[in-house]
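Below is one structure, written out as structure tokens, with a few remarks after it.
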Amino acid sequence: MTYTAQKTVRVGLEQGLHMVPCSLIVRTAERFSCEIQIQKEDRSADAKTMLDLLTLSAENGSVLVLEARGAEAGEAVKALARLFESNFDDPASGSQPATGSDR
Amino acid sequence: MQIKRGIAVSPGVVTGEVVVLGTEDFRIPQRFVSIDAVETELGRFRSTLDAVWEEIEENERLAREQLGDQFGAIFGAHLQMARDPKLIAEIESLISEKSLSPEYASSRVLRRFARDLQNLGNQYHAERAVDIFDLEKRILRHLLGERREELLHLRAPVIVLAHNLTPSETAGLDREFVMGFATEVGGHTSHTAILAGALEIPAVVGLGHFLSDVSGGEMVIIDGNHGEVILEPDDETLAKYRDLEERVHSVTERLASLKTLPAETIDGESITLLGNIEFPEEAEVCRERGAKGIGLYRTEFLYLERNQIPSEEDHYEAYRKVIAAAPDHPVTIRTLDVGADKVPETIGELAPDVVNPQLGLRSVRLSLHNIPLFKTQLRAILRAAVDGDVRVMFPLVSNLMELRQARMILGDVIDDLEEQQVPFRRDVQVGIMVEVPAAVMLAEEFAQEVDFFSIGTNDLIQYTLAVDRADPSVANLYRSGDPSILRLIRNVVSAAAKHDVAVTVCGQMSSDPVFISLLIGMGIRQFSSTPHAIPEIKEVIRNLTIESAEQIAAHALTLDLARDVENYLRGELHRICPDLVL
């Protein structure tokens, strides 16, 4: 059975989704086996590939849809959404497990 | 026969067989590989990726430790880019399905991504293309780097021709087999050039595009005196140069006999000759050449050599080696002087968005910006000073505040060492490089706060004449004999004399016999030169009187063109020491 999870987030970064946040997304996404896509209007990017994410060109204020399919899809979307909600504020947080307890 | 003209950076003449090094940048040796080589090539690509990842991880770790998390995160992002599964899959499929070489496949895929980013029409993303080019370079460097290891397996004497040699490659040249080298790019005072001088092999740089005409194995002559490279010389030319080679050799032999004689003018004025070094091992060479100490120890090679930031012990050990090789003589250690043309991998990448590196965060500015890094070096200097007459010198000081801050940090280091009861010496002399015109303007003020000045002519010329010495289109404007430079030196000498501060001239000008009489005539009594120039300089000094030097200086100061000054001085040198003008 394929399980799908979805969540809408907004980019709150002055420079948009630039290199460092993209790399944090990849780091987080890589911890999950499910397929994760990030959509912006008609474009879609694989959350596990840095170059794809960069070409999304998500500027400050863009609305993105996070969508995961497969094992732990819900956890994956939650973990990624948390990055956006915290505005990727702590660069070190990307290397820590984000799959812990929900707030 | 083909004659190419470039910039002479290390004297001597040599004839031999050519080895061409693959160009580092974007000349990709082959586009296709044979079908049965695909597996090996895939393997080569994967091990390259491993090495690239490891290198970026190491950069990331260093950046986090030394500069903080936000710098480390930049490399974290680079690493994610280099690990991008889509990217790797695309490159691998080009190698396995289209039999493209890993070099060509990587370059093609990365450039396509870069173009995609540039086409997004957003400034930020367009700029990110640079990060992708950086990754391309890294991958190519590792792929092609394997080929460069050919240099390590030389069995017979050769002459190396390359698009470019990095300082570390130059330093690594096997002196037993590499008799000379020539490169397409580079300028007078690039570090590669300085190193060639230190290695004492003839070298010519800045030849422009010529490697496409050379396949390797041809006969070539490198004329490091005139900056010429002669490809496939005819018999007559070959005979002429073989003869010249002999003559250069005999002059060198004669000069070597000066070693034990004092550096004194005819009328008995003693001049102090010191050596410039990059590596501790060179201190020994300086002594062999008769230097009375080290006037400039360029410590940035500690950073360049190993591609990582050296520890206090690394510094300490290197300094002790130098002190041991210069017993009873002064050793002036210049703190980190990282500049645009000598940026070590790690440190250079830590300051990512440099607009103009020559005017940016470099030298003492970089040290004051990275106090832990600075303190590590100062601790090692003060500890090593227990064993000798060590002096510390700050580079690129452009205002009094920088000097005071640097001295304050030195004071903190003294307090720390005292508290920790580590043996050290507290009364080391402190000086500055005078290499920014602002420091010359304020020479009187600086003279009241330092023990010595060292005039760094290379940078002083560059900043005064506003010439980037590495840019071939303006390199001809970079002239040591420019009247403005002579006046600046005169001002420094007079400010120093007023406050009884010692002045040394280091840099290329003090290694060129042409300028020695002028500088002595202007009041300079200490030179710090590349070791191989010391015998020549001593020869000039021993054939000079102070009075004649003063006359030469007085006349040179009346001339208003660099060309006239240099021609006049060359003529005078010819009169004083005809042997030295070849």
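Results for (1) at negative phi; (2) in a helix (DSSP H, G or I); (3) touching a Cys at 6+ places or on another chain (Cβ under 7 Å), shown as yes or no for each residue.
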| site | (1), (2), (3) |
| --- | --- |
| B:Asp459 | yes, yes, no |
| B:Gln462 | yes, yes, no |
| B:Asp471 | yes, no, no |
| B:Leu488 | yes, yes, no |
| B:Ser494 | yes, yes, no |
| B:Asp500 | no, no, no |
| B:Gly523 | no, no, no |
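Looking at B:Gln118, B:Gln123, just one residue is within 12 Å of another protein chain (Cβ to nearest Cβ), over 34 Å from the mean Cα position of the chain (by Cα) and modelled with pLDDT under 75, and that residue is B:Gln123. For the range B:238-273, a residue qualifies if it is within 19 Å of B:Ile576 (Cβ to Cβ), assigned to a helix (DSSP H, G or I) and touching a helix residue (DSSP H, G or I) at 6+ places or on another chain (Cβ under 7 Å), and the qualifying residues are B:Val251, B:Leu255. The set of residues from the range B:57-89 being of a type in the set (D, E, K, R), facing another protein chain (nearest Cβ under 10 Å) and part of a helix (DSSP H, G or I) comprises B:Arg64, B:Asp69, B:Lys86. Residue count for the range A:31-51, restricted to those that are at the interface with chain B (Cβ under 9 Å from one of its Cβ atoms) and under 12 Å from the mean Cα position of the chain (by Cα): 4. Any residue in the range B:488-505 that is under 25 Å from B:Tyr297 (Cα atoms), free of Cβ contacts under 8 Å to residues at least 40 places away in the same chain and buried (at least 22 other Cβ atoms within 10 Å of the Cβ)? Checking the range B:488-505: at least one residue is under 25 Å from B:Tyr297 (Cα atoms), free of Cβ contacts under 8 Å to residues at least 40 places away in the same chain and buried (at least 22 other Cβ atoms within 10 Å of the Cβ). Identification of strands (runs of 3 or more DSSP E) wholly contained in the range A:1-91 with 2 or more residues that are touching a residue at least 24 places away in the same chain (Cβ under 8 Å) and over 28 Å from B:Gly68 (Cα atoms) yields A:4-10, A:35-40, A:63-69. Determine, yes or no, whether B:Ala283 is surrounded by 18 or more Cβ atoms within 10 Å (Cβ to Cβ), in contact with a strand residue (DSSP E or B) (Cβ under 7 Å, 6 or more places away or on another chain) and either part of a helix (DSSP H, G or I) or free of Cβ contacts under 8 Å to residues at least 60 places away in the same chain (or both). Yes, satisfied. Considering the conditions (1) more than 25 Å from the chain's Cα centre (by Cα); (2) under 25 Å from B:Asp579 (Cβ atoms); (3) at pLDDT 95 or above, B:Val505 is excluded by exactly one of them, (1). Within the range B:22-50, the set of residues being under 29 Å from B:Phe181 (Cα atoms) and at pLDDT 75 or above comprises just one member, B:Thr48.
Each residue in the range B:543-574 was checked for being of a type in the set (Lys, Arg) and closer than 26 Å to B:Glu245 by Cβ, and 1 of them qualify. There is no residue in the range B:544-555 that is modelled with pLDDT under 95 and either farther than 20 Å from B:Val9 by Cα or assigned to a helix (DSSP H, G or I) (or both). All told, B:Val229 meets the bar of being more than 26 Å from B:Thr504 (Cα to Cα), buried (at least 21 other Cβ atoms within 10 Å of the Cβ) and either in contact (Cβ under 8 Å) with a residue 12 or more places away in the chain or in the same structural domain as B:Asn543 (by TED's automatic domain parsing) (or both).
The values are calculated or read from the model by the stated rules, or taken from the named source; none is laboratory data. Please read all numbers here as calculations on a predicted model, not as lab measurements. Ideal geometry is used to build each Cβ from the backbone, glycine not excepted, and the neighbour counts take in all protein chains shown.
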